[in-house]
Amino acid sequence: MFLTVVREGSTLSASRKLGVAQPTVARRIEALENETGLTLFERDTRGFKPTEVARTLYPLAEAIEEAAENFADKTRELAERRPIRITAPGYFSDRVSDIFSEFVALNPGVVFEFIASLKVLNLSEGEADIALRISKNEPDETLICRKISTAKWALFGGQSYADKFGLPKSLDDLKGHRFVTFEHEDVPSHERNWLLRHVSPDQIVKSFSEPELMRASIRAGHGLGLVNLRLAEADHTLIRCFDNIEELSSSNMMLIAPAAYRRPEVKAFTKFFAPRYAATFK
């Protein structure tokens, strides 16, 4: 109101501009003067006239007004629904996508943004809201963690490899076979290290930095390889050699940034997704 009176030059014009009664403007100006201990306006029969003190304070008052408007704009922006950004090592299978679709159907307006990345993104710094990760290690204690399943591995081969070389029936039957493996600088090499404990290095004929390429190599018959059972079950061209390798079992975790978890839609999604994912991949 102070700014409007100074701009308009009188309480009458200011009251018309603001849509309030002139006595109300006068009372608020008087309250401001009492609060500051300054004479901001000279009174005469024609109304109020800004003093030099008022004109001196005017740029500072403008800056306060602009900051308040920016603050209001920012709070509105932050209050608007943003996409829930989820990072995972690869894209989701149809069975997982169905869980997302069900949640969206029950919560219109919620949008997801998927970041397929082997790199471990920093949730605390806002690189993503939720991460789905497989790990043998304890998660970052600053994050909210939900264990949603146990990831298991087994040794698989393709039909052309089986026709040519046969498939091993147990760990004692790996000698003479060829293997392909996955190795990436951003991912712990648990599976590769396990393989190197059971076969000689010269039996590993190819190494890939993308798990999809490794599985393609297995399908093509280049060698045998360790594959996550959840991924293998969707690929009927892969043939399991023998039982699951229990020592490779790891926790499949859902990690949530605390700042993101304070958003109602993120909290609702985590509570919705975790039990359904666990039930889907028992």
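The values are calculated or read from the model by the stated rules, or taken from the named source; none is laboratory data. All values reported here derive from a predicted model rather than from experimental measurement. Cβ coordinates were reconstructed from backbone atoms using ideal geometry, including for glycine residues, and neighbour counts include every protein chain displayed.
The table below lists the values:
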{"item": "The lone exception for Val96 - which of (1) over 22 Å from Phe182 (Cβ atoms); (2) β-branched (Val, Ile, Thr); (3) touching a residue at least 60 places away in the same chain (Cβ under 8 Å) it fails", "result": "(1)"}
{"item": "Tally of residues being in a strand (DSSP E or B) and at pLDDT 90 or above across the range 134-145", "result": "2"}
{"item": "Output for the range 171-194, where each listed residue is touching a Lys or Arg at 6+ places or on another chain (Cβ under 8 Å) and either outside any helix (DSSP H, G or I) or of a type in the set (A, V, I, L, M, F, W, C) (or both)", "result": "Val180, Thr181, Phe182, Glu183, Asp186, Pro188"}
{"item": "All positions within the range 107-131 that are in contact (Cβ under 8 Å) with a residue 60 or more places away in the chain and closer than 21 Å to Pro264 by Cβ", "result": "Asn107, Val110, Leu123, Ser124, Gly126, Ala128, Asp129, Ile130, Ala131"}
{"item": "Single unsatisfied condition, Arg197 versus (1) free of Cβ contacts under 8 Å to residues at least 40 places away in the same chain; (2) within 34 Å of the chain's Cα centre (by Cα); (3) assigned to a helix (DSSP H, G or I)", "result": "(2)"}
{"item": "Number of the exception - Asp129 against (1) under 27 Å from Glu185 (Cβ atoms); (2) touching a Phe, Trp or Tyr at 6+ places or on another chain (Cβ under 7 Å)", "result": "(2)"}
{"item": "Among (1) part of a loop (DSSP other than H, G, I, E, B); (2) free of Cβ contacts under 8 Å to residues at least 40 places away in the same chain; (3) more than 27 Å from Ala88 (Cα to Cα) - the single one Asp202 does not satisfy", "result": "(1)"}
{"item": "Residue match in the range 257-275 (condition: in a strand (DSSP E or B), of a type in the set (Ser, Thr, Tyr) and modelled with pLDDT of 90 or more)", "result": "no"}
{"item": "Count of the range 96-119 residues which are in a loop (DSSP other than H, G, I, E, B) and either under 14 Å from the mean Cα position of the chain (by Cα) or surrounded by 16 or more Cβ atoms within 10 Å (Cβ to Cβ) (or both)", "result": "5"}
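Here's the yes/no breakdown for (1) loosely packed, with under 13 Cβ neighbours inside 10 Å; (2) within 23 Å of Cys241 (Cβ to Cβ):
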site	(1), (2)
Leu121	no, no
Asp129	no, no
Glu141	yes, no
Trp153	no, yes
Asp163	yes, yes
Leu174	no, yes
Glu185	yes, no
Trp194	no, yes
